[in-house]
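Step one of this worksheet: look at the structure below.
The values are calculated or read from the model by the stated rules, or taken from the named source; none is laboratory data. None of the values given here were measured: they were computed from a predicted structure. As a convention, Cβ positions derive from the backbone with ideal geometry for all residues, glycine included, and neighbour counts pool all protein chains shown. Heavy atoms of the whole protein, side chains included, go into the accessibility calculation; ligands, DNA and RNA do not. Shrake-Rupley method; radii C 1.70, N 1.55, O 1.52, S 1.80 Å.
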Amino acid sequence: MTTFESITRPQRTDDTATWSAPPQPAARAGFDFDVAIVGLGYVGLPTALAYHGSNSRVLALDVSERRIAVIRAQQADLLEVDQARLAVALDHPGFVLSTDPDDLSRAAAVIVCVPTPVDEHLIPDLTILRAATAMVVEHAVAGQVLMLTSTSYVGCTDDLLAKPLAERGFTIGADVFVAFSAERIDPGNASFDHDEVPRVVGGATAECEEEATKLLLRYVTNVHRVRSLAAAEMTKLLENTFRAVNIALANEFADICRSLDLNPADVVDAAATKPYGFMPFLAGPGVGGHCIPCDPHYLLWQLRKQRVAAPMITQAMVEIAARPHRVVDRVQEVLSAAGTGMLGTRVLVVGIAYKPDVADLRESPALEILDELIQRGATVGFVDDHFDAVTLPSGARLTAVTDPAAFGAQLVVLHTRHASADLGFIEPHQLVLDTTYRGVDVPQRIIL
Ligand SMILES: NC(=O)c1ccc[n+]([C@@H]2O[C@H](COP(=O)([O-])OP(=O)(O)OC[C@H]3O[C@@H](n4cnc5c(N)ncnc54)[C@H](O)[C@@H]3O)[C@@H](O)[C@H]2O)c1
């Protein structure tokens, strides 16, 4: 068995939607599709398009008719390169959108990309993943490669795919092939080509690892193999826990810098000139999206069962969860220093997505910040090119401010700065609280 080996596919020459991919391995006999993607969200849809772009016949499956309609209408939140791929795919018989799980048995491989959130108590909510894997197991047929890419706890692929498939009578590694390979996509970030980001894969057996590697190499250029499903699952948890802990540290360091009258961004930029042993992380108003606020909780949840303590990770997640509340405290402090209380003061939040250039509100700190500002008596508004309205965790519904100059904000909170954001409405007399630490072109800004 080959272990810890990196395997590279020949580089392609052109990265447009119409590039000519290297010849693909022959599909398994008897299957209409080379691969089925289950769950067409921020991860699954670009994955389906990447497979199609490399000459695979793709079944793109989602339970949501609404999501399929959004994709058909080309209104999904995608990078330009994926929009182009989608336009090509929608006109091609080798790309089939479906909501019918019966179609799964027509695919040589099935890749599961469904959400793995946490509930309001920060406990992993496996409902969606359990339903999706149960559906995949129910429709599994001999010869298929079944791969989980959703981030989850260590042992999840075994619990939700390998064991139930064995209970159905399949011999894993001979009849069907089970693997885990977490997705590493960074939605909204065009700097890294999805297909060029190496993938880590672990199989239930050596044969599973082998088949899963071939499946990944249909579109990615580099696959790193680890010796088990669990090692691959843990790799993803390390990646995102690493980010969480470092973001918590960056936030703490930013607070320390401010108390010493230093600009945190300047200090981070200076430290980042060191070519080794340092990686810059930026402080901010908190973390959002479907990874950093959630994934480390999958690990902590699992460790609680084992009675294993992880105090540093726990503390990082506590700090991260508290960050939006700190932003509101800081708003209060800034307004008090300006001689205005919170009550009735007009506060405009700029950018409510959890990060620039995505239309994704999941776990966005802005939602909590807006809610708490309202609770403390402020009159709030928001602007964000991606959203006309938002429902806050409290249930309050806010409509976007259409004329930010006319809103007359006494304080502007820079939360997320999309490339398209126009800050031209900010008047020199207006207070600006910069939670991005990077709004250097707003001279009157106060850093968080
Ligand atoms: N979003 C990211 O930045 C990112 C990056 C890397 C990894 N991940 C991981 O990838 C996984 C998927 O995340 P996402 O952001 O793409 O989720 P998402 O919410 O954007 O999309 C999930 C899709 O799955 C569909 N779905 C739910 N149940 C289904 C079922 N039973 N069958 C078919 N479709 C079903 C939903 O309708 C939805 O369209 C998560 O585990 C996440 O942690 C996410």
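Relative to the dominant Cα principal axis of the chain, helix 127-138 is inclined by about 10°. With a 1.4 Å probe rolled over the protein heavy atoms of all chains, the accessible area of Tyr298, Tyr354 falls in the order Tyr354, Tyr298, largest first. Looking at the range 5-227, the accessible area is 41 square angstrom per residue; that uses a 1.4 Å probe and ignores ligands, DNA and RNA. For Phe242, the solvent-accessible surface computed with a 1.4 Å probe is close to 90 Å², ligands and nucleic acids excluded. Classify the range 78-161: rounded, prolate or oblate, from the alpha-carbon gyration tensor (a ≥ b ≥ c, eigenvalue square roots; a/c under 1.5 rounded; otherwise prolate if a/b is larger than b/c)? Oblate, because a/c is 1.5 or more while a/b does not exceed b/c. The heavy atoms of Glu210 offer some 80 square angstrom of accessible surface to a 1.4 angstrom probe. Spatially, the range 379-448 and the range 160-194 are offset by 41 Å when compared through their Cα centroids. For the chain, the share of accessible area belonging to carbon and sulfur comes to 56 percent (1.4 Å probe, ligands and nucleic acids excluded). Ranking Phe192, Phe177 by solvent-accessible area of protein heavy atoms (1.4 Å probe, all protein chains present), from largest to smallest, gives Phe192, Phe177. Whole-Hz Karplus values for the range 215-228 come out as 4, 5, 5, 5, 9, 8, 8, 9, 10, 10, 9, 10, 7, 7 Hz, taken residue by residue from phi with 6.51 cos²θ - 1.76 cosθ + 1.60 and θ = phi - 60°; glycine and proline positions read x.
Label separation (Leu303 vs Val318): 1.3 nm, computed from points 7 Å beyond Cα along the C-beta direction.
Shown in residue order for the range 429-438 are the 3J(HN,Hα) couplings computed by the Karplus curve 6.51 cos²θ - 1.76 cosθ + 1.60 at θ = phi - 60°: 7, 7, 6, 10, 9, 9, 7, 8, 6, 10 Hz (x for Gly and Pro).
Contact order, relative form, for the range 5-227: 21 percent (alpha carbon pairs under 8 Å, 6 or more residues apart, mean separation divided by residue count). Here the range 234-448 is treated as a sphere whose radius is the Kirkwood value from Cα pairs; by Stokes-Einstein at 20 °C and 1.002 mPa s it diffuses with a coefficient of 118 µm²/s. Here Lys214 is the anchor, and the aspartates and glutamates within straight C-alpha reach of less than 13 Å, apart from those fewer than 8 places off in the same chain, are Asp34.
Over all other residues within a Cβ to Cβ distance under 12 Å of Val118, the charged ones net out to -4, with Lys and Arg as +1 and Asp and Glu as -1.
Determine the shape class of the range 222-327: with a ≥ b ≥ c the square roots of the Cα gyration tensor eigenvalues, call it rounded for a/c under 1.5, and otherwise prolate if a/b is greater than b/c, oblate otherwise. Taking the square roots of the gyration eigenvalues as a ≥ b ≥ c, the range 222-327 is oblate.
What FRET efficiency would be calculated for the residue pair Ala190, Arg72, taking the C-beta separation as r and a Förster radius of 22 Å, to the nearest 0.05? Calculated value: 0.40. Shape verdict for the range 55-110, please, from the Cα gyration tensor: rounded (a/c under 1.5), prolate (a/b greater than b/c) or oblate. Here the range 55-110 falls in the oblate category.
What are the trypsin sites (Lys or Arg not before Pro) within the range 306-382 that DSSP puts in a loop, where the Cβ has at most 10 other Cβ atoms within 10 Å? Sites meeting the loop and neighbour criteria: Arg307. Derived scalar couplings between HN and Hα for the range 71-86 equal 5, 4, 7, 6, 10, 6, 6, 9, 5, 4, 4, 6, 4, 5, 5, 5 Hz in order, rounded to whole Hz, by the Karplus curve 6.51 cos²θ - 1.76 cosθ + 1.60 (θ = phi - 60°), x for Gly and Pro. Pairwise Cα distances in the chain exceed 26 Å for 60 percent of all pairs.
Summarising the amide proton neighbourhood of Ile111: residues at separation of 5 or more, or on other chains, whose placed amide H is nearer than 5 Å comprise Ala36, Ile37, Val38, Met147. Contact order, relative form, for the chain: 11 percent (alpha carbon pairs under 8 Å, 6 or more residues apart, mean separation divided by residue count). For the set Cys156, Cys291, solvent exposure ranked by accessible area (probe 1.4 Å, protein chains only) runs largest to smallest as Cys291, Cys156.
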